Amino acid sequence: MLQSIRFLPRLVLLGLAALLLGTASGRAEEFPPDPVFTQIVANRDAYGRVVFIFGDSVVMLCSLTEVDFSAIKENANDHAYMVSAMAELMRDQEKPKGKGTDPLWPMHSLASSMNFQFAAAGLLDTPDGGDTVPAARLVAAYGGALGQPFPKEVEARAAKLTALAKDGVIRDGDVVILEDAGFHGQDPDAYEANWLALGRAVLENVGAAVILCDMFDAIPDGSIMGVPAEAFRFEALFPSKVPEGKRSHNQALRAAAAKLAALPDSKGKVTLLDLRPRMDAFKAALTAELGGEAIMPEGIHPSPWGVAFMGREYLRAAGLAPQLTNPAPYVDMLAVNAGRLSQPSRPATADKARPFIEAWIVP
């Protein structure tokens, strides 16, 4: 969600909060699985290893152009409406750009950017620019929301993860990425319990590799819909039952990851990706070398630059980088379109961007 502001910046933040806070009944519906996930569920035997991505809009899609939210600004205080309308508007903004008509279309989501690289390495075929993947030796797919930070929604999503594992959709050797950003609930103890439920749903039922990551953010000062900015900051400290009396939501996630890694009945493996410090280093390098931005102005969503960097880190954490034997098409796509990888866009020539991409983006 971009601060492409054809109306007041505050309104964009209001809409952002509505999308991220949401309502318990509508949140999961606004992060539907992508078409490739649906194809995998329908015909799992046509696919080898799968990278399943579960989380919120940070990993669901990546806006390639600035979005004009003015058509829905009159309803900014209607949370339920804004959750639906803004998510739908962002998706509709991308649809006309699909099926190869936009050279940056492979970057419209984290899963799509991975599949572009898998295709270049001969691991999958996608006949229509990424909308379908009929079969693959290795494929990535977005599977929907996790329900964080709402315990009842997390319970429902954990049950779905359990069913996917028991039904043989998530299989031994698969990779399961679990992500959360935005409003974190301001309760690190509950947040840790949520992650334990989600992780156990996978690890106790299938020998998959589960990747958790601490979360980056660059939230502006102030409040969002009356909620303090700290409610979106993952390093902010909140009361907790730990001996120190306070901890951050990133600390809670790290504690959950350690407990999941020590499960006596685990069938899989847990990897904790320290994404926040890595993203901080990438942000600094990108700004210094190319004048680009890795995160959108609202401080939560990554730009296409940020999505490309996240993809590298996830692929490395999953041990998949050695299989990506033909990076040239991916480097070429990003280098030629480097000026569009920031939102709002920033001038960047292909010649200058190429060595940076090779150093910071190629897995």
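For Lys267, the residues whose modelled amide H falls within less than 5 Å of its own, excluding neighbours fewer than 5 places apart on the same chain, are Glu204, Asn205, Val206. The phi torsions of segment 233-248, fed into the Karplus equation with coefficients 6.51, -1.76 and 1.60 and a -60° offset, translate into couplings of 9, 7, 9, 5, 8, 9, x, 8, 7, 5, x, 6, x, 8, 6, 8 Hz, rounded to whole numbers, with Gly and Pro shown as x. Between Ala288 and Ala229, the contour length at 0.36 nm per residue exceeds the alpha carbon distance by 18.6 nm. A full extension of the chain between Glu155 and Asp274 corresponds to an added length of 40.3 nm, given 0.36 nm per residue minus the alpha carbon distance.
Heavy-atom accessible area with a 1.4 Å probe sorts Trp105, Trp360, largest first, into Trp360, Trp105.
Classified by the C-alpha gyration tensor, segment 212-363 has an oblate form. Its axis ratio a/c, with a ≥ b ≥ c, is 1.5 or above, and a/b does not exceed b/c. In order along segment 302-319, the Karplus-derived 3J(HN,Hα) couplings, from 6.51 cos²θ - 1.76 cosθ + 1.60 at θ = phi - 60°, round to x, 6, x, 4, x, 5, 4, 5, 4, x, 4, 5, 5, 5, 5, 4, 7, x Hz, and Gly and Pro are given as x. For Phe238, the residues whose modelled amide H falls within less than 5 Å of its own, excluding neighbours fewer than 5 places apart on the same chain, are Arg247, Ser248. Stretching Asp189 away from Arg44 to a fully extended chain increases their span by 48.6 nm, per 0.36 nm per residue minus the current alpha-carbon distance. Each peptide in 337-349, 266-278 gets a packing score, the mean of other Cβ atoms within 10 Å over its residues, and the list from highest to lowest is 337-349, 266-278. Of all beta bridges DSSP finds with both residues in segment 206-307, what is the antiparallel percent, to the nearest 5? Expressed as a percentage, antiparallel bridges in segment 206-307 total about 50. Backbone phi angles across segment 177-194, fed through the Karplus curve with coefficients 6.51, -1.76 and 1.60 (θ = phi - 60°), yield HN-Hα couplings of 8, 10, 9, 8, 8, x, 5, 9, x, 6, 9, x, 5, 5, 4, 4, 4, 4 Hz in residue order; Gly and Pro are listed as x. Shape class of segment 129-179 from the Cα gyration tensor (axes a ≥ b ≥ c, square roots of the eigenvalues): prolate, since a/c reaches 1.5 or more and a/b is larger than b/c.
Summarising the amide proton neighbourhood of Leu273: residues at separation of 5 or more, or on other chains, whose placed amide H is nearer than 5 Å comprise Leu212, Cys213, Asp214.
The values are calculated or read from the model by the stated rules, or taken from the named source; none is laboratory data. Keep in mind the model is a prediction, meaning the values are calculated, not measured. Cβ sites come from the backbone with ideal geometry, for glycine too, and all protein chains shown count toward neighbours. Areas reflect the complete protein model, heavy atoms only, side chains present, ligands, DNA and RNA absent. Shrake-Rupley method; radii C 1.70, N 1.55, O 1.52, S 1.80 Å.
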